[in-house]
Amino acid sequence: MSWNRRHVLSLADFSPAEYDTVLQTASSFREVLTRRTKKVPTLQGQVVANLFFEPSTRTRSSFELAAKRLSADTLNFAASTSSITKGETILDTAKTYLAMGTDMMVIRHKEAGVPQAIADEMDRLNVKVGVLNAGDGQHEHPSQALLDLFTICSLIDVEKPRSTLLKDKKIAIVGDILHSRVARSNIWSLTASGAEVHLAAPPTLLPKEFAEFVNESDPAISRKLFVHWTLEPALIDADFVMTLRLQKERMTSYLLPSLREYHQQFGITRDRLKLCKPEVRVLHPGPVNRGVEISSDLMDDPVLSLISQQVTSGVAVRMALLYLMGGGKVS
Ligand code: NCD
(Lines give C-alpha, C1' and ligand atoms only; values in the text may rest on other atoms or scores of the structure.)
Protein backbone atom coordinates (compact mmCIF):
# COMPACT_ATOMS: atom_id res chain seq x y z
CA MET A 1 0.00 0.00 0.00
CA SER A 2 1.37 3.42 -0.79
CA TRP A 3 0.33 7.06 -0.76
CA ASN A 4 2.47 10.13 -1.00
CA ARG A 5 0.32 12.80 -2.64
CA ARG A 6 -1.02 16.05 -1.39
CA HIS A 7 -2.89 16.72 -4.66
CA VAL A 8 -4.87 14.47 -7.00
CA LEU A 9 -4.82 16.19 -10.39
CA SER A 10 -4.37 13.43 -12.95
CA LEU A 11 -4.12 9.65 -13.11
CA ALA A 12 -1.37 9.71 -15.74
CA ASP A 13 1.32 8.91 -13.17
CA PHE A 14 -0.68 6.75 -10.74
CA SER A 15 0.99 3.47 -9.83
CA PRO A 16 -0.80 0.12 -9.34
CA ALA A 17 0.02 0.38 -5.61
CA GLU A 18 -1.74 3.75 -5.44
CA TYR A 19 -4.83 2.39 -7.22
CA ASP A 20 -4.93 -0.45 -4.72
CA THR A 21 -4.56 1.95 -1.80
CA VAL A 22 -7.58 3.91 -3.03
CA LEU A 23 -9.61 0.73 -3.63
CA GLN A 24 -8.81 -0.74 -0.24
CA THR A 25 -9.46 2.52 1.62
CA ALA A 26 -12.74 3.01 -0.27
CA SER A 27 -13.71 -0.51 0.69
CA SER A 28 -13.37 0.32 4.41
CA PHE A 29 -15.40 3.48 3.95
CA ARG A 30 -18.08 1.53 2.11
CA GLU A 31 -18.41 -0.53 5.27
CA VAL A 32 -18.75 2.67 7.34
CA LEU A 33 -21.57 3.78 5.03
CA THR A 34 -23.58 0.66 5.84
CA ARG A 35 -23.56 1.39 9.60
CA ARG A 36 -26.39 3.12 11.40
CA THR A 37 -24.08 6.05 12.15
CA LYS A 38 -22.50 6.63 8.77
CA LYS A 39 -19.87 9.02 10.00
CA VAL A 40 -16.27 8.93 11.24
CA PRO A 41 -14.36 11.74 13.00
CA THR A 42 -11.32 11.53 10.67
CA LEU A 43 -11.38 15.09 9.29
CA GLN A 44 -12.97 16.79 12.27
CA GLY A 45 -12.04 20.47 12.38
CA GLN A 46 -10.79 20.48 8.78
CA VAL A 47 -12.35 22.55 6.02
CA VAL A 48 -13.10 21.12 2.57
CA ALA A 49 -14.08 23.74 -0.04
CA ASN A 50 -15.94 22.59 -3.14
CA LEU A 51 -15.09 25.16 -5.81
CA PHE A 52 -17.28 24.32 -8.78
CA PHE A 53 -16.87 26.80 -11.62
CA GLU A 54 -18.99 24.56 -13.87
CA PRO A 55 -22.38 22.89 -13.29
CA SER A 56 -22.48 19.49 -11.58
CA THR A 57 -25.04 17.33 -9.79
CA ARG A 58 -23.44 14.09 -8.67
CA THR A 59 -19.77 15.03 -8.38
CA ARG A 60 -20.45 18.11 -6.25
CA SER A 61 -23.03 16.42 -4.00
CA SER A 62 -20.88 13.32 -3.70
CA PHE A 63 -17.82 15.33 -2.55
CA GLU A 64 -19.95 17.29 -0.13
CA LEU A 65 -21.41 14.14 1.39
CA ALA A 66 -17.99 12.44 1.48
CA ALA A 67 -16.49 15.40 3.37
CA LYS A 68 -19.43 15.46 5.79
CA ARG A 69 -19.21 11.72 6.44
CA LEU A 70 -15.58 12.34 7.42
CA SER A 71 -16.80 15.11 9.80
CA ALA A 72 -15.12 17.94 7.87
CA ASP A 73 -16.73 21.38 7.59
CA THR A 74 -17.69 22.04 3.98
CA LEU A 75 -17.84 25.26 1.99
CA ASN A 76 -19.74 25.21 -1.25
CA PHE A 77 -19.12 27.67 -4.00
CA ALA A 78 -21.03 28.07 -7.25
CA ALA A 79 -19.52 30.38 -9.84
CA SER A 80 -22.85 31.91 -10.87
CA THR A 81 -23.50 33.32 -7.38
CA SER A 82 -19.88 34.23 -6.53
CA SER A 83 -17.61 37.26 -6.85
CA ILE A 84 -16.27 35.73 -10.08
CA THR A 85 -19.24 37.54 -11.64
CA LYS A 86 -17.68 40.79 -10.30
CA GLY A 87 -14.34 40.12 -11.96
CA GLU A 88 -12.39 38.31 -9.22
CA THR A 89 -9.75 35.96 -10.63
CA ILE A 90 -9.82 32.24 -9.90
CA LEU A 91 -6.53 32.38 -8.01
CA ASP A 92 -7.85 35.21 -5.86
CA THR A 93 -10.99 33.17 -5.13
CA ALA A 94 -8.79 30.23 -4.10
CA LYS A 95 -6.70 32.53 -1.86
CA THR A 96 -9.89 33.82 -0.23
CA TYR A 97 -10.79 30.25 0.72
CA LEU A 98 -7.22 29.69 1.87
CA ALA A 99 -7.43 32.72 4.17
CA MET A 100 -10.52 31.18 5.80
CA GLY A 101 -8.48 28.14 6.76
CA THR A 102 -9.42 25.72 3.98
CA ASP A 103 -7.43 22.47 4.15
CA MET A 104 -8.58 20.87 0.90
CA MET A 105 -9.99 22.30 -2.31
CA VAL A 106 -12.07 20.25 -4.73
CA ILE A 107 -12.06 22.07 -8.06
CA ARG A 108 -14.08 21.78 -11.24
CA HIS A 109 -13.54 24.15 -14.14
CA LYS A 110 -14.37 24.22 -17.84
CA GLU A 111 -10.73 24.97 -18.71
CA ALA A 112 -8.09 22.23 -18.57
CA GLY A 113 -5.28 23.01 -16.11
CA VAL A 114 -7.11 25.19 -13.57
CA PRO A 115 -6.81 22.70 -10.65
CA GLN A 116 -3.10 22.31 -11.49
CA ALA A 117 -2.62 26.10 -11.49
CA ILE A 118 -4.28 26.40 -8.08
CA ALA A 119 -2.22 23.50 -6.71
CA ASP A 120 0.97 25.17 -8.02
CA GLU A 121 -0.03 28.41 -6.32
CA MET A 122 -0.69 26.62 -2.99
CA ASP A 123 2.72 24.94 -3.24
CA ARG A 124 4.38 28.26 -4.10
CA LEU A 125 2.79 29.81 -1.02
CA ASN A 126 4.10 26.82 0.93
CA VAL A 127 0.73 26.08 2.52
CA LYS A 128 -0.29 22.48 3.09
CA VAL A 129 -3.52 22.63 1.11
CA GLY A 130 -4.50 19.63 -0.99
CA VAL A 131 -6.12 20.21 -4.38
CA LEU A 132 -8.33 17.63 -6.05
CA ASN A 133 -9.33 17.87 -9.70
CA ALA A 134 -13.09 17.24 -9.95
CA GLY A 135 -13.04 17.64 -13.73
CA ASP A 136 -11.06 20.18 -15.79
CA GLY A 137 -12.20 20.85 -19.34
CA GLN A 138 -11.56 17.92 -21.60
CA HIS A 139 -8.48 16.91 -19.62
CA GLU A 140 -9.13 14.64 -16.62
CA HIS A 141 -11.66 13.59 -14.00
CA PRO A 142 -9.64 11.33 -11.67
CA SER A 143 -12.27 10.69 -8.98
CA GLN A 144 -14.77 9.54 -11.63
CA ALA A 145 -12.30 7.02 -13.08
CA LEU A 146 -11.41 5.82 -9.57
CA LEU A 147 -15.05 5.25 -8.70
CA ASP A 148 -15.52 3.44 -12.01
CA LEU A 149 -12.54 1.24 -11.13
CA PHE A 150 -13.94 0.59 -7.66
CA THR A 151 -17.37 -0.29 -9.10
CA ILE A 152 -15.91 -2.73 -11.63
CA CYS A 153 -13.44 -4.36 -9.22
CA SER A 154 -16.12 -4.66 -6.51
CA LEU A 155 -18.37 -6.48 -8.94
CA ILE A 156 -15.62 -9.04 -9.50
CA ASP A 157 -14.62 -9.36 -5.82
CA VAL A 158 -16.65 -7.34 -3.37
CA GLU A 159 -14.53 -8.38 -0.37
CA LYS A 160 -11.21 -7.41 -1.84
CA PRO A 161 -11.48 -5.04 -4.82
CA ARG A 162 -7.99 -4.69 -6.35
CA SER A 163 -6.68 -3.49 -9.68
CA THR A 164 -5.15 -6.84 -10.75
CA LEU A 165 -8.71 -8.20 -11.12
CA LEU A 166 -8.88 -6.31 -14.42
CA LYS A 167 -5.97 -8.14 -16.01
CA ASP A 168 -6.98 -9.06 -19.56
CA LYS A 169 -10.59 -7.93 -19.11
CA LYS A 170 -11.94 -6.24 -22.20
CA ILE A 171 -13.52 -2.86 -21.56
CA ALA A 172 -15.25 -0.87 -24.31
CA ILE A 173 -15.52 2.92 -23.94
CA VAL A 174 -18.13 4.16 -26.36
CA GLY A 175 -19.22 7.68 -27.28
CA ASP A 176 -17.98 11.21 -27.17
CA ILE A 177 -14.32 10.45 -26.48
CA LEU A 178 -13.18 13.75 -27.97
CA HIS A 179 -14.79 15.88 -25.28
CA SER A 180 -14.52 13.41 -22.43
CA ARG A 181 -12.26 13.93 -19.43
CA VAL A 182 -13.86 10.77 -18.00
CA ALA A 183 -12.51 8.74 -20.94
CA ARG A 184 -9.02 10.21 -20.54
CA SER A 185 -8.79 9.37 -16.83
CA ASN A 186 -10.27 5.92 -17.40
CA ILE A 187 -7.74 5.14 -20.12
CA TRP A 188 -4.96 5.67 -17.57
CA SER A 189 -6.55 3.67 -14.75
CA LEU A 190 -7.88 0.77 -16.82
CA THR A 191 -4.75 0.22 -18.90
CA ALA A 192 -2.55 0.53 -15.77
CA SER A 193 -4.69 -2.21 -14.21
CA GLY A 194 -3.97 -4.50 -17.14
CA ALA A 195 -7.33 -4.25 -18.93
CA GLU A 196 -7.64 -4.03 -22.70
CA VAL A 197 -9.42 -0.79 -23.52
CA HIS A 198 -11.34 -0.50 -26.78
CA LEU A 199 -12.51 2.97 -27.77
CA ALA A 200 -15.41 3.25 -30.23
CA ALA A 201 -16.93 6.41 -31.69
CA PRO A 202 -17.59 8.10 -35.01
CA PRO A 203 -14.38 9.66 -36.42
CA THR A 204 -15.62 13.17 -35.60
CA LEU A 205 -15.71 12.22 -31.91
CA LEU A 206 -12.58 10.07 -31.92
CA PRO A 207 -9.86 11.73 -33.96
CA LYS A 208 -7.07 9.52 -35.25
CA GLU A 209 -4.53 11.85 -33.61
CA PHE A 210 -6.07 11.06 -30.23
CA ALA A 211 -5.08 7.42 -30.46
CA GLU A 212 -1.70 8.27 -31.93
CA PHE A 213 -1.02 10.73 -29.13
CA VAL A 214 -1.80 8.22 -26.38
CA ASN A 215 0.10 5.46 -28.12
CA GLU A 216 3.17 7.60 -28.60
CA SER A 217 3.11 8.98 -25.08
CA ASP A 218 3.41 5.60 -23.38
CA PRO A 219 4.38 2.34 -25.12
CA ALA A 220 2.96 0.25 -22.25
CA ILE A 221 -0.46 1.75 -22.86
CA SER A 222 -0.28 1.41 -26.63
CA ARG A 223 -0.35 -2.37 -26.28
CA LYS A 224 -3.55 -2.11 -24.25
CA LEU A 225 -5.46 0.58 -26.16
CA PHE A 226 -7.43 -0.06 -29.35
CA VAL A 227 -9.43 2.35 -31.47
CA HIS A 228 -12.50 1.56 -33.58
CA TRP A 229 -14.73 3.74 -35.71
CA THR A 230 -17.54 1.20 -35.62
CA LEU A 231 -19.17 -0.30 -32.56
CA GLU A 232 -19.08 -4.03 -33.22
CA PRO A 233 -15.36 -4.79 -32.79
CA ALA A 234 -15.32 -2.94 -29.47
CA LEU A 235 -18.29 -4.89 -28.14
CA ILE A 236 -17.29 -8.40 -29.19
CA ASP A 237 -16.49 -10.35 -26.00
CA ALA A 238 -16.36 -7.20 -23.87
CA ASP A 239 -16.63 -7.69 -20.10
CA PHE A 240 -17.72 -4.11 -19.45
CA VAL A 241 -19.13 -1.36 -21.65
CA MET A 242 -18.72 2.24 -20.56
CA THR A 243 -20.98 4.63 -22.45
CA LEU A 244 -20.33 8.37 -22.47
CA ARG A 245 -22.66 11.32 -22.79
CA LEU A 246 -22.69 13.27 -26.02
CA GLN A 247 -21.40 16.58 -24.63
CA LYS A 248 -23.49 18.89 -26.75
CA GLU A 249 -22.41 21.93 -24.72
CA ARG A 250 -18.78 21.36 -25.74
CA MET A 251 -19.46 20.74 -29.42
CA THR A 252 -18.40 23.82 -31.30
CA SER A 253 -19.60 22.57 -34.67
CA TYR A 254 -22.03 19.99 -35.97
CA LEU A 255 -20.14 16.76 -35.41
CA LEU A 256 -23.04 14.37 -35.91
CA PRO A 257 -25.70 14.01 -38.60
CA SER A 258 -28.44 13.52 -35.98
CA LEU A 259 -28.94 12.06 -32.52
CA ARG A 260 -31.18 9.40 -34.02
CA GLU A 261 -28.49 8.28 -36.41
CA TYR A 262 -25.92 8.31 -33.60
CA HIS A 263 -28.16 6.05 -31.54
CA GLN A 264 -28.59 3.69 -34.48
CA GLN A 265 -24.85 3.36 -34.96
CA PHE A 266 -23.37 3.71 -31.46
CA GLY A 267 -26.25 3.56 -28.98
CA ILE A 268 -25.93 0.75 -26.43
CA THR A 269 -29.01 -1.48 -26.32
CA ARG A 270 -29.81 -4.89 -24.88
CA ASP A 271 -29.65 -6.34 -28.36
CA ARG A 272 -26.17 -5.00 -29.01
CA LEU A 273 -24.93 -6.41 -25.70
CA LYS A 274 -25.43 -9.90 -27.15
CA LEU A 275 -22.05 -9.38 -28.82
CA CYS A 276 -20.38 -9.10 -25.41
CA LYS A 277 -19.58 -11.71 -22.76
CA PRO A 278 -22.77 -13.14 -21.21
CA GLU A 279 -21.99 -11.51 -17.84
CA VAL A 280 -21.37 -8.05 -19.36
CA ARG A 281 -22.26 -4.92 -17.35
CA VAL A 282 -22.79 -1.35 -18.51
CA LEU A 283 -21.47 1.86 -16.93
CA HIS A 284 -22.22 5.53 -17.57
CA PRO A 285 -20.77 8.46 -15.57
CA GLY A 286 -23.99 10.46 -15.93
CA PRO A 287 -25.74 12.67 -16.70
CA VAL A 288 -27.39 10.50 -19.38
CA ASN A 289 -29.12 11.50 -22.60
CA ARG A 290 -31.76 8.77 -22.40
CA GLY A 291 -32.29 6.99 -25.70
CA VAL A 292 -29.18 8.52 -27.28
CA GLU A 293 -25.99 6.89 -25.95
CA ILE A 294 -27.93 4.18 -24.10
CA SER A 295 -31.48 2.90 -24.45
CA SER A 296 -33.80 3.92 -21.65
CA ASP A 297 -34.76 0.36 -20.64
CA LEU A 298 -31.12 -0.75 -20.47
CA MET A 299 -30.23 2.24 -18.32
CA ASP A 300 -32.90 1.19 -15.80
CA ASP A 301 -32.02 -2.54 -15.87
CA PRO A 302 -31.11 -3.39 -12.26
CA VAL A 303 -28.71 -6.17 -13.27
CA LEU A 304 -27.06 -5.00 -16.48
CA SER A 305 -26.67 -1.35 -15.55
CA LEU A 306 -24.14 -0.31 -12.90
CA ILE A 307 -25.11 3.36 -13.05
CA SER A 308 -26.61 3.52 -9.54
CA GLN A 309 -23.70 1.53 -8.10
CA GLN A 310 -21.33 4.06 -9.65
CA VAL A 311 -23.07 6.89 -7.84
CA THR A 312 -23.08 4.95 -4.55
CA SER A 313 -19.39 4.00 -4.96
CA GLY A 314 -18.59 7.66 -5.56
CA VAL A 315 -19.12 8.62 -1.94
CA ALA A 316 -16.82 5.89 -0.55
CA VAL A 317 -14.13 6.59 -3.16
CA ARG A 318 -14.22 10.35 -2.51
CA MET A 319 -14.05 9.72 1.23
CA ALA A 320 -10.95 7.62 0.54
CA LEU A 321 -9.34 10.38 -1.53
CA LEU A 322 -10.03 13.12 1.02
CA TYR A 323 -8.81 10.84 3.80
CA LEU A 324 -5.57 9.96 2.01
CA MET A 325 -4.90 13.55 0.91
CA GLY A 326 -5.57 14.71 4.46
CA GLY A 327 -2.70 12.51 5.67
CA GLY A 328 -4.79 9.53 6.76
CA LYS A 329 -2.87 6.37 7.59
CA VAL A 330 -2.56 3.71 4.89
CA SER A 331 -3.16 0.25 6.32
C1 NCD B 1 -18.99 13.83 -16.29
C2 NCD B 1 -18.28 15.15 -16.26
O3 NCD B 1 -18.81 16.15 -15.79
O4 NCD B 1 -17.16 15.14 -16.70
N5 NCD B 1 -19.98 13.65 -15.35
C6 NCD B 1 -19.68 13.40 -14.06
O7 NCD B 1 -18.81 14.00 -13.45
N8 NCD B 1 -20.37 12.42 -13.46
C9 NCD B 1 -19.38 13.44 -17.65
C10 NCD B 1 -20.33 14.31 -18.41
O11 NCD B 1 -20.53 15.47 -18.10
O12 NCD B 1 -20.88 13.79 -19.38
- Message: If the requirement is being more than 16 Å from the ligand (Cβ to nearest atom) and open to solvent by less than 40 Å² (accessible area, probe 1.4 Å), which of these qualifies: ALA66, ALA79, ALA72?
- Response: ALA72
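Yes or no: region 160-167 includes at least one residue that is in a helix (DSSP H, G or I), touching a residue at least 12 places away in the same chain (Cβ under 8 Å), away from the ligand (no atom under 16 Å from the Cβ) and out of contact with any Cys (no Cβ under 8 Å at 6 or more places or on another chain).
From region 160-167, those in a helix (DSSP H, G or I) are 163-166; that's our starting set.
After this cut, where a residue has to be touching a residue at least 12 places away in the same chain (Cβ under 8 Å) as well, the list is 163-166.
Pick out the ones that are also away from the ligand (no atom under 16 Å from the Cβ) and you get 163-166.
The next check asks that each one be out of contact with any Cys (no Cβ under 8 Å at 6 or more places or on another chain); those that pass are 164.
Among the residues of region 160-167, at least one is in a helix (DSSP H, G or I), touching a residue at least 12 places away in the same chain (Cβ under 8 Å), away from the ligand (no atom under 16 Å from the Cβ) and out of contact with any Cys (no Cβ under 8 Å at 6 or more places or on another chain), which makes the answer yes.
This table checks each residue for (1) of a type outside the set (A, V, I, L, M, F, W, C); (2) at pLDDT 95 or above; (3) within 22 Å of LEU322 (Cβ to Cβ).
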{"position": "ASN76", "(1), (2), (3)": "yes, no, yes"}
{"position": "ILE84", "(1), (2), (3)": "no, no, no"}
{"position": "LEU98", "(1), (2), (3)": "no, yes, yes"}
{"position": "ASP103", "(1), (2), (3)": "yes, yes, yes"}
{"position": "ILE107", "(1), (2), (3)": "no, yes, yes"}
{"position": "LYS110", "(1), (2), (3)": "yes, no, no"}
{"position": "VAL114", "(1), (2), (3)": "no, yes, yes"}
- Note on the structure: Within region 109-153, residues being at positive phi and in contact with a helix residue (DSSP H, G or I) (Cβ under 9 Å, 6 or more places away or on another chain) number 2
- Flagged pairs (Cβ under 8 angstrom, 6 or more apart or on separate chains; first in region 80-105, within 15 Å of PHE52 (Cα to Cα); second buried (at least 18 other Cβ atoms within 10 Å of the Cβ) and at pLDDT below 80) are THR85/ALA79
- Message: Suppose we filter region 167-179 for residues that are under 21 Å from VAL311 (Cβ atoms) and either aromatic (Phe, Trp, Tyr) or out of contact with any strand residue (DSSP E or B) (no Cβ under 6 Å at 6 or more places or on another chain) (or both); how many remain?
- Response: 1
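For every residue, the table says whether it meets (1) touching a Gly at 6+ places or on another chain (Cβ under 6 Å); (2) at pLDDT 95 or above; (3) assigned by TED's automatic domain parsing to the domain that holds GLY175; (4) among the basic types (Lys, Arg).
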residue	(1), (2), (3), (4)
ALA195	no, yes, yes, no
PRO207	no, no, yes, no
HIS228	no, no, yes, no
ILE236	no, yes, yes, no
ASP239	no, yes, yes, no
LYS248	no, no, yes, yes
THR252	no, no, yes, no
LYS274	no, yes, yes, yes
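Is it the case that region 11-22 has a residue that's part of a loop (DSSP other than H, G, I, E, B), within 16 Å of the ligand (Cβ to nearest atom) and modelled with pLDDT of 95 or more? Step through it out loud before you land on a result.
The first filter runs over region 11-22 and keeps only residues part of a loop (DSSP other than H, G, I, E, B), leaving 11-15.
Still in the running and within 16 Å of the ligand (Cβ to nearest atom): 11.
Among the residues that remain, those that are also modelled with pLDDT of 95 or more are: 11.
Yes: region 11-22 contains one or more residues that are part of a loop (DSSP other than H, G, I, E, B), within 16 Å of the ligand (Cβ to nearest atom) and modelled with pLDDT of 95 or more.
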- Item | Residues located in region 82-112, provided they are small (Gly, Ala, Ser) and more than 16 Å from the ligand (Cβ to nearest atom) | SER82, SER83, GLY87, ALA94, ALA99, GLY101
- Message: I need every pair where a residue in region 315-331 that is over 21 Å from HIS141 (Cβ atoms) has its Cβ under 6 Å from the Cβ of a residue that is surrounded by fewer than 23 Cβ atoms within 10 Å (Cβ to Cβ), sequence separation at least 6 or different chains.
- Response: VAL330/MET1; VAL330/TRP3; VAL330/THR21
- Message: Suppose the filter is within 15 Å of ASP148 (Cα to Cα) and away from the ligand (no atom under 16 Å from the Cβ); does ARG281 pass it?
- Response: yes
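The values are calculated or read from the model by the stated rules, or taken from the named source; none is laboratory data. Because the structure is a prediction, the values reported are computed rather than measured. Note: ideal-geometry Cβ built from the backbone for every residue, glycine included; neighbour counts use all protein chains shown. With ligands, DNA and RNA removed, areas are computed over all heavy atoms of the protein, side chains included. Shrake-Rupley method; radii C 1.70, N 1.55, O 1.52, S 1.80 Å.
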